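*Asks:* This is the structure, below, for whatever I ask next.
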Amino acid sequence: MTFAALAVGTAVFVDANIFVFHFAPDPILGMPCSQLLQRIEHQEIKGVTSTAVLSEVAHRLMTIEARAVFGWSTGKVALRLKQTPSAIHNLSAFQKAVEQIVSIPSQRAEYSANTSSHCGRYQSTDRPAQQ
């Protein structure tokens, strides 16, 4: 099944790859991911994601941006940023991407584990579109 084949009203969990391929953008998967996010934005389908996904997206987009801005190789970008925290102040595209994601009308699902029974539950918080 492709994203385009999703029926109107379908609920989908949007993982980090969708956002990264959209914002990075990926030459092969970027377009379908962008189209999926447009359908969620237009409320044709319901998108659900989590704060953990947003954190992963921020991290991955930050490392991609750092490689581009500073000319760093693929390896150990996170370590370089940790060793040079002032470098993060020169990066802004990853922050703008996360702000855009948060503004998309969707739901955020949070997972919390019940330690006594080792069960979990999902809570969803509707987030209205920002005007």
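Every read-out reported here was derived from the displayed coordinates using simple, explicitly stated rules and does not represent laboratory data. Just so it is clear, the model here is predicted, and its values are computed rather than measured. Note: ideal-geometry Cβ built from the backbone for every residue, glycine included; neighbour counts use all protein chains shown.
*Asks:* Can you find, among 20, 81, 107, the residue farthest towards the positive end of the dipole of region 19-107? Put +1 on the C-beta of Lys and Arg, -1 on that of Asp and Glu.
*Replies:* Of 20, 81, 107, it is 81.
*Asks:* Viscosity 1.306 mPa s, temperature 10 °C: give me the Stokes-Einstein translational D for region 15-107 in µm²/s, with Rh taken as the Kirkwood radius over C-alpha pairs.
*Replies:* Result for D is 114 µm²/s.
*Asks:* Let me ask something else. So if I restrict to the alpha-carbon atoms in region 1-53, what is the Rg, and what is Dmax, the biggest pairwise distance, in Å?
*Replies:* That works out to 10.6, 28 Å for Rg and Dmax.
*Asks:* Taking every pair of alpha-carbon atoms in region 65-111, give the share separated by more than 11 Å as a whole percent.
*Replies:* 73
*Asks:* Among 62, 31, 1, what is the fewest-to-most ranking by other Cβ atoms within 10 Å?
*Replies:* 1, 31, 62
*Asks:* Taking the mean number of other Cβ atoms within 10 Å as a proxy for protection, how do you rank 17-25, 43-51 from highest to lowest?
*Replies:* The densest-packed peptide leads the list: 17-25, 43-51.
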